[in-house]
Amino acid sequence: MAVHTIRFEPDDRYNAFLNVCANPIHGEGKLAGIAIAVKDNISTQGIETTCASKILKGYVPPYDAHAVGLIKNAGAAIAGKTNMDEFGMGTSTENSAFGPTLNPCDTGRVPGGSSGGSAAAVAAGMVRMALGTDTGGSIRCPAAFCGIVGLKPTYGRVSRYGLIAYANSLETIGPMAKNVADVSLLMSVIAGHDRRDSTSYDRPYSHTPSAKIDGLRIGIPKEYFGAGVDHEVAAVVKRAIGRLEELGAKTVPCSIPSMEYALAAYYVICTSEASSNLARFDGVRYGPAADTKKSWHAAYQDVRKQGFGPEVRRRIMLGTFALSSGYYGKYYAKAQVARENVRKDFARLFTDVDVICGPTMPTIAFRLGEKSDPLSMYLSDILTVPVNLGGIPAISVPCGKVQGMPVGLQIMGRPFEDERVVDVAYAYEQAVKS
Amino acid sequence: MVTEKDVEHIGELADIGIDTAELATFTGQFNAIVEYFDVLDRVQGEGAVTRDLYNILREDVVEPSLSQEEATRNAGAQEDGFIKAPRVM
């Protein structure tokens, strides 16, 4: 196959990239010559991959993530690795060990997270598309805050092989771009079965977005417009849903009672999985080396204390606590019940409606440094985490502005109906464009 | 109520390395978060998680993989083509 080179010299005044590939090569195919930015927790052969953590500084993966291999085979040029909250733990990209990414719409505000670098790179026009990952909203939140489109695919539809694990049962790789057609195009390349991921389904995605939504039934959960959701954001999203009604959709008021427990369940599960997954970072196989003259606990504690940032250490400890003897039944086991209740609520709603709509985030992008207390940052994930607990697809599409900042409309669908959420987003996008 | 001693113990279990100076901050944050988690006490329902796929395993046959050189390249301490780890005993 012919190999070509493009020049990639972005004006990165937002700290979107941790590592830029100046003259990336590319082949031919559906994505020929398109520069694609890849979040720094997705393995790229020969390109440093740090998860925005000091503990992986200098780590160069010897293999590509499955999704990266697929986009390269489709002709894409890997433009570089994008900034993120360390290991995906955050909602603002301020938890990067290499400094925060700034929101291109207002550099005094965060781009959202944890895929903030990917979102900023797309929003600022540095790249046409990017790969992000979504564990509790990490694609949809920055897409909403930066005014771009981001799809969190159905769990199992995109291989996680080569994604450096944070919370395996929740996370997925997904596409981000300025418009729905590009998100759909990138999804068509990365979706499909991979035997190296034991949770991978054989459900390829070959879809051309359609704007026909006549007769579509849209569930409007009251929890998505209730306490904690900014009134102006809610009003903008309601207007967007009104636009979908003008296109022939019907709205159905509904409720997701399990949301009362969803956020707590999410944080118990993700921190528990993190405490196990991140045990591998001990300075032995990768990253800054452990002092082999010390005893192993002393050596590991030195490496992990210096290598992990405060939020990562906090989450590892929270997870260790939630799984520890005497607390397992109170936290982890209960969180699994709550998770099953979320799944059942979605299954029940999706017998009456085709999609569920609401805001992606309860507010517009916050100011840098505004959320210094960990719990207040966690609470801003309330509208995105149910989707990850349920394993369902959801897309965020820009639907207006509040105080000059973008607002995202979130469209959630039945498992493996990623095509449908893409269509609804496309219908909205085309309607406001014309 | 999580105490500083609890946090110190958890830090030890997780090999996270905590300074005495950090204990008060972590303990305060822990208590706020764990208090929020207590909402789970009221959850009703069955724990039975439904899944339609179980134990997807491949056949145990040798397949191409990384070379020893590639697999050890990122290790900070090496000796004779092996990864060197801190002493256990």
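Other chains' Cβ within 10 Å of A:265-271 residues: what's the mean?
Mean partner-chain Cβ count within 10 Å for A:265-271: 2.
Grab the beta carbon distance between residue B:1 and residue A:347, set R0 = 41 Å, and tell me the FRET efficiency rounded to 0.05.
0.60
Whose amide H sits under 5 Å from the amide H of residue A:109, counting only residues 5 or more places off or on another chain, with H placed in the peptide plane?
For residue A:109, whose amide H was placed from the backbone, the distant partners under 5 Å are A:103, A:368.
In percent, what relative contact order does the stretch A:204-300 have, based on Cα pairs under 8 Å that are 6 or more apart in sequence?
Over the stretch A:204-300, the number comes to 28 percent.
Along the three principal axes, how long is the stretch B:1-56 when you take its alpha carbons, biggest first, rounded to the nearest angstrom?
Taking max minus min along each principal axis of the Cα atoms, the stretch B:1-56 gives 48, 32, 13 Å.
Quick check: the distance between the Cα centres of the stretch A:127-166 and the stretch A:259-274, to the nearest angstrom?
What the calculation gives is 19 Å, centre to centre.
Each label point is 7 Å from the Cα along the Cα-to-Cβ direction; what then is the distance between the points at residue A:199 and residue A:252, in nm?
2.8 nm
Over all residues in B:31-39, what is the mean tally of Cβ atoms on other chains that come within 10 Å of each residue's Cβ?
6
For the stretch B:12-82 and the stretch A:69-112, what is the centre-to-centre distance using only Cα atoms, to the nearest Å?
Cα centroid of the stretch B:12-82 versus Cα centroid of the stretch A:69-112: 23 Å apart.
Quick one: if the Förster radius is 22 Å, what FRET efficiency do residue B:41 and residue A:328 give, using the C-beta to C-beta distance and rounding to 0.05?
0.95
Could you tell me what a quarter of the Cα convex hull surface of the stretch A:290-434 works out to, in nm² with one decimal place?
13.1 nm²
Compute the Rg to Rh ratio over the stretch A:191-323 from the alpha carbon atoms, using the Kirkwood formula for Rh, and round to two decimal places.
Reported Rg/Rh, Kirkwood definition of Rh: 1.17.
Taking amide hydrogens as modeled 1.01 Å from N in the peptide plane, which residues meet the under 5 Å criterion relative to residue A:35, leaving out close sequence neighbours?
A:77, A:128
So for each of A:150-160, A:90-100 I average, over its residues, the number of other beta carbons within 10 Å; can you give me the resulting order with the highest mean first?
Ranking the peptides A:150-160, A:90-100 by packing returns A:150-160, A:90-100.
To the nearest 10 degrees, how steeply does helix B:20-37 sit against the main Cα axis of chain B, on a 0 to 90 scale?
70 degrees
Any idea what the alpha-carbon Rg over 2.2 N^0.38 Å comes to for the protein assembly as shown?
0.94
So for chain A, averaging the separation of alpha carbon pairs under 8 Å that are six or more residues apart and normalising by length, what relative contact order in percent results?
Dividing the mean separation by the residue count of chain A yields 18 percent.
Between residue A:206 and residue A:23, how many nm apart are label points set 7 Å from Cα along the C-beta direction?
3.7 nm
Averaged over its residues, how many other protein chain Cβ atoms are within 10 Å of peptide A:329-338's Cβ atoms?
That works out to 5 on average.
Rule-based calculations on the coordinates, nothing more; no lab input. These figures come from a predicted structure and were not determined experimentally. All Cβ positions, glycine included, derive from the backbone under ideal geometry; neighbour counts span all protein chains shown.
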